Amino acid sequence: MQPIDWFLFSIPIVVIAVFCFHSQKYIRSVADFLAAGRTGGRYLLSSANGMAGMGLITLAVAMQNFRHAGWAVSWWGQVITLAMTILSLSGFVYYRYRQTKVLTLAQFFEIRYCRAFRVVMGILCWLAGIINFGIFPAVGAHFFIAFLGLPREIGGIPLYPVLMVLFLGSAAVITMSGGQVQNMITDMIQSLFGYFMCVVVGISVVCIFSMEQFREAMLAQPPGQSYVNPFDSFEVSDFNIWFILINLIVMVYGYGSWQGNQGYSASALNPHEAKMGNILSTWRMLSITMFSAMISLGAYTFLTHPAFASEQLAISGELASYSAQNADQMAMPMATSSFLPAGIKGLFAAVAFFFMLSTDTTYLHSWGSIFIQDIVLPLYGRPVSARLHLLLLRLAILGVAVFGFVFSLCYRQNEYINMFQMITGTFFSAGAGCAIIGGLYWKRGTRAGAWSGVAAGAFLSLAGIVLMDARGWHAARQFLLGIFPNSTVLQEAADKCPVNGAWLSLVAVLCAGSVYVLVSLLTCRKPFNMDRMLHRGRYAEADTALRVENARKIGWCKRLFLGFDEEFTLRDKIVSVSVFSWTAFWTVCFVVITLYNIIAFALPAAGFKPWDDGMWFNWMMFYLMVHVVLAPVTAVWMTWGGIRDLREMYRRLSALTRSQDDGYVPEPRKDD
């Protein structure tokens with residue numbers, strides 16, 4: 001990196017440090033530390049949560065997936081985009097979750113089921129979370145070593161543990177000093193810089209390479225493994241159409257269950273702001289999606305196009321000393337570092353650092369809070385003073401950081417990052433998904449059903465984690481060979497489980513959901529009182545009650561597809577319609593193009609000709625260029641809204657009358 005790169009890299013970090021110092025004075029209660037006093041507006045929630053949700057590991061996953069599958073598999077991924085848009089427009093899970101006014105998901109489990117269930121789910125959530133987080137520090141450190149061209153060792157001491165201490169230490173200091181208030185403010189500031197940096201870096205890639213170089217690199221694949229033609233990519237292993245379909249099922253089932261950003265779920269000013277924050281996520285992600293796609297395309301072109309053969313040899317020489325999985329992760333960052341010019345490289349480094357820091361602070365806060373709120377304090381059995389409560393939360397956050405360092409230092413990865421994330425996440429979400437959806441929307445869901453679903457999901461997910469480990473698979477393979485000695489599959493799969501993490505996650509999810517429904521139907525004696533839990537009907541509070549009687553009747557189509565409800569203003573409706581129109585346009589394109597190619601393959605005599613790779617490349621570039629054009633517009637829009645909401649949050653925190661709410665439920669609820 002040149003001096004200009006270090007200058008551009010350091011400026012936003014200094015600004016963030018200033019805001020961190022300024023915001024510490026707003027922590028005056030446990031609710032402030034856990035949920036920022038519930039003062040978050042829609043743009044603040046959407047922008048800050050989006051930055052936290054992206055993460056450097058997500059960028060690393062996107063680059064790794066692109067290197068192995070290109071764009072072809074993302075064509076089928078538009079089904080996921082449509083499903084997620086409908087869920088966000090409808091306010092699925094998040095609206096009712098905010099109505100419960102809980103501080104953590106497990107607190108909801110206590111209200112809906114029982115205290116013992118809260119503790120067990122808190123333990124499962126915490127274990128799944130910290131194990132999932134365990135590889136984040138190592139991935140981040142290796143990414144920066146590769147991108148910055150740093151030496152692997154200094155004086156015989158490996159560099160990546162030193163970087164992990166530096167990165168985790170920074171995240172821990174930020175989170176311990178200001179909790180969710182600090183996280184929301186720093187993530188918001190990072191997003192303000194990040195939006196425009198993403199736009200500049202993404203556009204620069206278009207200027208560095210020619211369109212012909214992109215075309216030649218993307219089309220240089222053997223038949224059956226196309227990187228642009230989704231109908232000619234079925235021989236691509238792991239990252240294929242089945243991976244997308246499994247992802248769709250798992251994501252819908254577990255929507256809202258993953259608690260890596262649980263602080264944001266409780267930080268909304270009200271349920272309506274939480275819903276609007278989710279709706280805005282479509283526009284918020286535009287610049288980030290464009291950035292991720294363009295940087296992946298540029299890195300892949302640099303690694304494969306003959307025009308860069310000498311640089312490719314140098315990168316291959318550097319990667320030769322790494323293990324297969326580490327080399328696979330570091331190839332794309334090394335390529336990115338090689339082709340980005342001075343100045344742009346500094347902006348990319350800043351964006352990558354923002355992604356890493358925002359996710360680390362959010363995860364440290366989430367898993368530390370869950371450990372105290374849903375394991376320690378429920379087992380203790382009575383409330384503690386606010387001072388002791390805050391001390392325990394800070395110590396837990398420090399403990400999560402230490403665990404992340406130790407796990408990253410000891411764990412030897414033998415699976416793709418995405419597969420590891422899926423199976424470790426499913427360890428909790430397989431059981432939690434049915435308990436959340438059933439608990440929020442089905443009055444006949446029972447405690448016994450929840451226990452059974454969680455047990456089935458956790459057991460099958462744990463079995464999947466064991467099978468993903470080389471030693472675990474070796475032991476399981478020996479056992480299975482004793483039962484099926486002539487199995488060809490077992491004999492050929494000597495080093496690795498033949499079923500990847502995606503399929504193992506699907507089995508766990510389907511079994512857990514089925515068990516929950518079946519057991520609940522068998523054990524439900526009396527429907528649960530949903531009105532009391534959701535603070536509606538005769539349990540509604542004056543400041544949050546909806547005046548439905550004064551609102552016009554809204555049809556089910558507008559509710560489902562546009563997300564309209566009685567609280568929607570004209571501006572809300574415009575935002576919602578814009579999101580639906582954007583998604584609907586690409587969905588219609590997806591359906592028409594897919595049907596045309598299916599008909600062309602099925603009826604060649606009718607004169608239809610399937611799209612060749614060149615046509616698919618042109619379409620993909622059109623899709624990407626639309627994002628390049630619109631990304632600056634949405635960046636300005638989200639920045640304006642974010643600054644407005646940030647000022648409002650400061651004002652609300654200054655004037656807020658603090659309550660004693662600390663997430664403690666006085667009495668365990670019974671099924672009623």
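Among 562, 656, 603, which is the only one that is modelled with pLDDT under 85, out of contact with any Leu (no Cβ under 8 Å at 6 or more places or on another chain) and surrounded by 11 or more Cβ atoms within 10 Å (Cβ to Cβ)?
Residue meeting the stated conditions: 656.
Between residues in the range 156-183 that are more than 20 Å from residue 33 (Cβ to Cβ) and residues that are aromatic (Phe, Trp, Tyr) and in a helix (DSSP H, G or I), which pairs lie under 6 Å by C-beta distance while being six or more apart or on different chains?
164/405
Only residues in the range 245-264 that are under 22 Å from residue 360 (Cβ atoms) count as the first member; pair them with residues that are of a type outside the set (A, V, I, L, M) and part of a loop (DSSP other than H, G, I, E, B), Cβ under 7 angstrom, at least 6 apart or cross-chain, and list the lot.
262/104
State all residues of the range 636-653 that are modelled with pLDDT under 85 and farther than 27 Å from residue 27 by Cβ; if no residue qualifies, say none.
Those that are modelled with pLDDT under 85 and farther than 27 Å from residue 27 by Cβ: none in the range 636-653.
Working only within the range 470-518, note down all residues that are exposed (fewer than 12 other Cβ atoms within 10 Å of the Cβ) and touching a Pro at 6+ places or on another chain (Cβ under 9 Å).
Hits for the range 470-518 are 489, 492.
Is one or more of the residues making up the range 431-447 surrounded by 19 or more Cβ atoms within 10 Å (Cβ to Cβ), within 22 Å of the chain's Cα centre (by Cα) and at pLDDT below 85?
yes
Given the range 59-133, what helices (runs of 4 or more DSSP H) lie entirely inside it while holding 1 or more residues that are buried (at least 19 other Cβ atoms within 10 Å of the Cβ) and of a type in the set (A, V, I, L, M)?
72-76, 78-90, 105-112, 115-133
Which one is modelled with the lowest pLDDT, of the residues in the range 213-242 that are crowded, with 17+ Cβ neighbours inside 10 Å, aromatic (Phe, Trp, Tyr) and in a loop (DSSP other than H, G, I, E, B)?
Across the range 213-242, the extreme among qualifying residues is 239.
Go through (1) under 26 Å from residue 138 (Cα atoms); (2) buried (at least 23 other Cβ atoms within 10 Å of the Cβ) and name the single condition residue 276 misses.
The number of the failed condition is (1).
If residue 610 satisfies all but one of (1) part of a helix (DSSP H, G or I); (2) modelled with pLDDT of 85 or more; (3) of a type outside the set (Gly, Ala, Ser), what's the number of the condition it fails?
(1)
Could you tell me whether the range 254-277 includes any residue that is out of contact with any Lys or Arg (no Cβ under 7 Å at 6 or more places or on another chain) and within 27 Å of residue 220 (Cβ to Cβ)?
No, the range 254-277 contains no residue that is out of contact with any Lys or Arg (no Cβ under 7 Å at 6 or more places or on another chain) and within 27 Å of residue 220 (Cβ to Cβ).
Determine if the range 147-164 includes at least one residue that is assigned to a helix (DSSP H, G or I), buried (at least 20 other Cβ atoms within 10 Å of the Cβ), at pLDDT 90 or above and not small (Gly, Ala, Ser).
There is at least one residue in the range 147-164 that is assigned to a helix (DSSP H, G or I), buried (at least 20 other Cβ atoms within 10 Å of the Cβ), at pLDDT 90 or above and not small (Gly, Ala, Ser).
Here is a list of conditions, (1) within 27 Å of residue 281 (Cβ to Cβ); (2) surrounded by fewer than 24 Cβ atoms within 10 Å (Cβ to Cβ); (3) touching a Gly at 6+ places or on another chain (Cβ under 7 Å); (4) modelled with pLDDT under 85, and residue 191 meets all of them except one; can you say which number that is?
Evaluating residue 191 over (1) within 27 Å of residue 281 (Cβ to Cβ); (2) surrounded by fewer than 24 Cβ atoms within 10 Å (Cβ to Cβ); (3) touching a Gly at 6+ places or on another chain (Cβ under 7 Å); (4) modelled with pLDDT under 85 leaves (2) as the failure.
Quick check on my filter: what residues within the range 210-226 are in contact (Cβ under 8 Å) with a residue 60 or more places away in the chain and more than 15 Å from residue 624 (Cα to Cα)?
213, 216, 217, 219, 220, 221, 226 - these are the residues of the range 210-226 that are in contact (Cβ under 8 Å) with a residue 60 or more places away in the chain and more than 15 Å from residue 624 (Cα to Cα).
What's the number of the only condition in (1) among the hydrophobic types (A, V, I, L, M, F, W, C); (2) buried (at least 23 other Cβ atoms within 10 Å of the Cβ); (3) over 23 Å from residue 164 (Cβ atoms) that residue 332 fails to meet?
Result: residue 332 fails condition (3) only.
Residue-wise test of (1) at pLDDT 80 or above; (2) closer than 28 Å to residue 188 by Cα; (3) of a type in the set (D, E, K, R).
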site: 89; (1), (2), (3): no, yes, no
site: 93; (1), (2), (3): yes, yes, no
site: 99; (1), (2), (3): yes, yes, no
site: 103; (1), (2), (3): no, yes, no
site: 116; (1), (2), (3): yes, no, no
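Which fully enclosed helices (runs of 4 or more DSSP H) of the range 430-503 have 2 or more residues being touching a Lys or Arg at 6+ places or on another chain (Cβ under 8 Å) and hydrophobic (A, V, I, L, M, F, W, C)? Lay out the reasoning, then the answer.
Values: elements: 447-468, 470-483, 488-492.
Answer list for the range 430-503: 470-483.
For the range 246-264, state whether one or more residues are out of contact with any Leu (no Cβ under 7 Å at 6 or more places or on another chain), hydroxyl-bearing (Ser, Thr, Tyr) and within 30 Å of residue 571 (Cα to Cα).
yes
The values are calculated or read from the model by the stated rules, or taken from the named source; none is laboratory data. None of the values given here were measured: they were computed from a predicted structure. Note that each Cβ is placed from the backbone with ideal geometry, even for glycine, and that neighbours are counted across all protein chains shown.
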